[in-house]
Amino acid sequence: MLFFSYFKDLVGKEVTVELKNDLAIRGTLHSVDQYLNIKLENTRVVDQEKFPHMLSVRNCFIRGSVVRYVQLPPEGVDIELLHDATRREARGG
Amino acid sequence: MSWAGPEDIYLSTSLASYLDKKLLVLLRDGRKLLGILRSFDQFANAVLEGACERVIVGDLYCDIPLGLYVIRGENVVLIGELELEKEELPPHMTRVSETEIKRAQKVEREASDLKGTMRKRMEFLDMD
């Protein structure tokens, strides 16, 4: 559940989600769930030319299983905190 | 199982807020389906009413009507809400008939097949 909690803290931040089909979408993180399905708002596709059908999509739901990367804002990563949480999880706490 | 209350729906990652709206569903094989979401579950299995497939070849496109579709969740890549007041596609794209888009698809497929066989024949040259 670590990454689920982690992504929950990122709600409201601007992220770029890169999918396994090379589609990269930038938008405001609206919500995540246990499968790491993601909902984005105010989305725009990074390579608009290649994906014209995405032009009028402003809000979207992305299935967690098709996500390759989530690019985070630099201030969204507190390594120290993540490190501690990882150890706690590993200990079964 | 308890249902999310109306105030939770818009804050959750469920597809409930997309019910009865016109959506674009991207599938893993690259297909694009348009339709109205009538039902879904936790796997993103979805029922689309009045579904059609949008085929895009270069600057040409066509919406092929399909009817009522149940989509198995594992094939879903993305479900997007379509802004109805906005142009759905860039203005330079033209709508053509089903026969024309099928022809354009065939031409495109043959071109990429040819490219593949050419590359195979040239492999002994060991380019890169």
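Odds and ends about this structure:
- Considered as a group, the residues in segment B:62-88 that are within 7 Å of chain A (Cβ to nearest Cβ) and touching a residue at least 60 places away in the same chain (Cβ under 8 Å) include one that is surrounded by the most Cβ atoms within 10 Å (Cβ to Cβ), and that residue is B:I79.
Results for (1) at pLDDT 95 or above; (2) among the charged types (D, E, K, R); (3) surrounded by 13 or more Cβ atoms within 10 Å (Cβ to Cβ); (4) closer than 18 Å to A:G64 by Cα, shown as yes or no for each residue.
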| position | (1), (2), (3), (4) |
| --- | --- |
| B:G5 | no, no, no, no |
| B:S14 | no, no, yes, yes |
| B:L24 | yes, no, yes, yes |
| B:G50 | yes, no, yes, no |
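- Qualifying residue in segment B:39-47 (condition: outside any helix (DSSP H, G or I) and away from every other protein chain (no Cβ under 14 Å)): yes
- Of the residues examined, B:D20 is one that is in a loop (DSSP other than H, G, I, E, B) and either at positive phi or modelled with pLDDT under 95 (or both).
- Residue within segment A:70-84 that is within 24 Å of B:D29 (Cβ to Cβ) and modelled with pLDDT under 90 present: no
- Of the residues making up segment B:89-100, those that are within 14 Å of chain A (Cβ to nearest Cβ) and either surrounded by 12 or more Cβ atoms within 10 Å (Cβ to Cβ) or not in a loop (DSSP other than H, G, I, E, B) (or both) are B:L89, B:P90, B:M93, B:T94, B:R95.
- Taking the listed residues B:R103, B:R121, B:R95, B:R54, the one that is touching a helix residue (DSSP H, G or I) at 6+ places or on another chain (Cβ under 8 Å), charged (D, E, K, R) and over 30 Å from A:F4 (Cα atoms) is B:R54, with no other qualifying.
- Test: residue in segment B:23-45 that is of a type in the set (S, T, N, Q) and under 22 Å from A:E49 (Cβ atoms): no
- Test: residue in segment B:31-38 that is in contact (Cβ under 8 Å) with a residue 12 or more places away in the chain, hydrophobic (A, V, I, L, M, F, W, C) and under 19 Å from A:I25 (Cβ atoms): yes
The values are calculated or read from the model by the stated rules, or taken from the named source; none is laboratory data. Just so it is clear, the structure is predicted and the values come from calculations on it, not from any experiment. With ideal geometry, Cβ positions are generated from the backbone for all residues, glycine too; neighbour counts draw on all protein chains shown.
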